[in-house]
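One structure is given here, and the rest of the page talks about it.
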Amino acid sequence: MTAAAPNDQTAAPEGLIACPTCDALNRATAVPAGARGLCHRCGTVLSAPRKSAMTQIVMLSATALVLMMMAIFLPFLEVSAAGMSRQGSILDAALSFADGVTLPLTLAVTAFIIILPALRLSLLIYVMAPMAFGWFPARHARRAFRLSEELRPWAMAEVFMIGVAVALVKIAGLASLHIGLAFWALVALVLVNVISDSFMCRLTVWRTLEQRSRS
C-alpha cells in the first residue's frame, strides 16, 4: 500500500489517502492497533497498524540479513552421479556465468537474488530502527523508505526459491541430491520476509516519519 505522504508518488490532499487499487480518496482517520482501515469503494486494506510492529520488522530484517549471508556462502546443494559429486553455493551459481557474453546474466542474477534483497533489508533497518526506539527518523529516512518500497518487486529471493524447487524436481531422477544448510537458510529467509511484510503498515510508517520529522 502506498500512503499519501509528502513527495510520495500518489500524494493526495492533506487528510486524504488515495487507494492504490481503485484510486478512490479516503479520509485519513486514526486506526487503533489490531484494527484495519478499508477503502470505502473496493475494500482494499489501507491501514493495519500493529503494536510494536516497527521493532518486530527491525528484528525480522536483521534475521533475514543473517540468513541471507548463510544462504549465499554456505553449501547449497551437492549433486552426485556416476561416482562423481559437485558441491556449490548460491554465489557459485551466480558466478558460473561470469565469462564472455554471459557476464550480464551474472550481474542480473547477483543483483536480483543478492544485492537488491540485502539493500532493501538494510534500508528497512535504517528507517525503522531509530523510530522503534522512539527517536527521531534518521537522515533521509523518507527517501530510504520510498526506495525500499520501489525495490520490493525486484528483490527476487522468492522467485529464485521457486526456480530451485522446479530444478530439483527435474534433476532428482538423474542424480543423487544432498541439500545443504544454505537451502534451509533460503527457505527460512523467504518465510521471514513474508512475516515481515505482514507486519508492515506503510501508512503508519509514513505518518510516523512525517510526525517525528516535524517534532
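The values are calculated or read from the model by the stated rules, or taken from the named source; none is laboratory data. Keep in mind that this is a model prediction, so the values were computed, not measured. Note: ideal-geometry Cβ built from the backbone for every residue, glycine included; neighbour counts use all protein chains shown. Side chains included, ligands, DNA and RNA excluded: accessible areas come from the protein's heavy atoms. Shrake-Rupley method; radii C 1.70, N 1.55, O 1.52, S 1.80 Å.
Give me the accessible area per residue for the chain, probe 1.4 Å, as a whole number in Å².
So the chain comes to 57 Å² accessible per residue, rounded to a whole number.
If you line up the long axis of helix 116-132 against the longest principal axis of the chain, both from Cα atoms, how many degrees apart are they, to the nearest 10?
40
Restricting everything to alpha-carbon atoms, can you work out Rg to Rh for region 150-215 with a Kirkwood hydrodynamic radius?
My calculation of the ratio gives 1.23.
For the chain, what does the helix formula give at 222 nm: sum of -39500 (n - 2.57) over DSSP H segments with n ≥ 4, over the residue count, nearest 500 deg cm²/dmol?
Here the helix-only value at 222 nm equals -16500 deg cm²/dmol.
Compactness ratio of region 129-188: Cα Rg over 2.2 N^0.38 Å, N = residue count?
Normalised by 2.2 N^0.38 Å, the Cα Rg of region 129-188 equals 1.81.
Just to verify a number: FRET efficiency for L103 and M69, C-beta to C-beta distance, R0 = 30 Å, to 0.05?
0.80
For region 57-215, what is one quarter of the convex hull surface built on the Cα atoms, given in nm²?
For region 57-215, averaging the hull's shadow over all directions gives 10.7 nm².
Measure nothing fancy, just the Cα-based angle from helix 181-199's long axis to the longest principal axis of the chain, in degrees from 0 to 90, nearest 10.
Relative to the chain, helix 181-199 is tipped by roughly 10 degrees.
Between R50 and R27, what is 0.36 nm times their sequence separation minus the Cα-Cα distance? Round to one decimal in nm.
Extending this stretch completely gives an extra 6.3 nm.
For the chain, find the longest principal axis of its Cα atoms and tell me its angle to the long axis of helix 53-73, 0 to 90°, nearest 10.
With both axes taken from Cα atoms, the answer is about 20 degrees.
So for the chain, averaging the separation of alpha carbon pairs under 8 Å that are six or more residues apart and normalising by length, what relative contact order in percent results?
27
Compare I17, I162, I114 in a GNM of the chain, Cα atoms joined below 10 Å, and give the one with the largest fluctuation.
I162
Which of M54, M84, M68 moves the most in a Gaussian network model of the chain with Cα springs under 10 Å?
Residue with maximal mean-square fluctuation among M54, M84, M68: M84.
Taking only the Cα atoms of region 111-164, how large is their convex hull per residue, in Å³?
Residue-normalised Cα hull volume stands at 69 Å³.
Can you tell me which of S61, S148, S96 moves the most in a GNM of the chain? Springs connect C-alpha atoms under 10 Å apart.
S96
Could you state how much accessible area E78 has, in square angstrom rounded to the nearest 10, with a 1.4 Å probe and all protein chains kept in place?
Counting only protein heavy atoms, E78 exposes about 50 Å² to solvent.
Out of the trypsin sites (Lys or Arg not before Pro) in region 48-118, which ones are loop residues according to DSSP with at most 16 other C-beta atoms within 10 Å?
The qualifying sites are R50, K51.
First measure r as the distance between the Cβ atoms of W154 and S176, then evaluate 1/(1 + (r/R0)^6) with R0 = 41 Å and state the FRET efficiency to the nearest 0.05.
In this case the efficiency is close to 0.70.
For F133 and L168 in one chain, what is 0.36 nm times their gap in residues minus the Cα-Cα distance, to one decimal in nm?
Gain on extension, F133 to L168, equals 8.2 nm.
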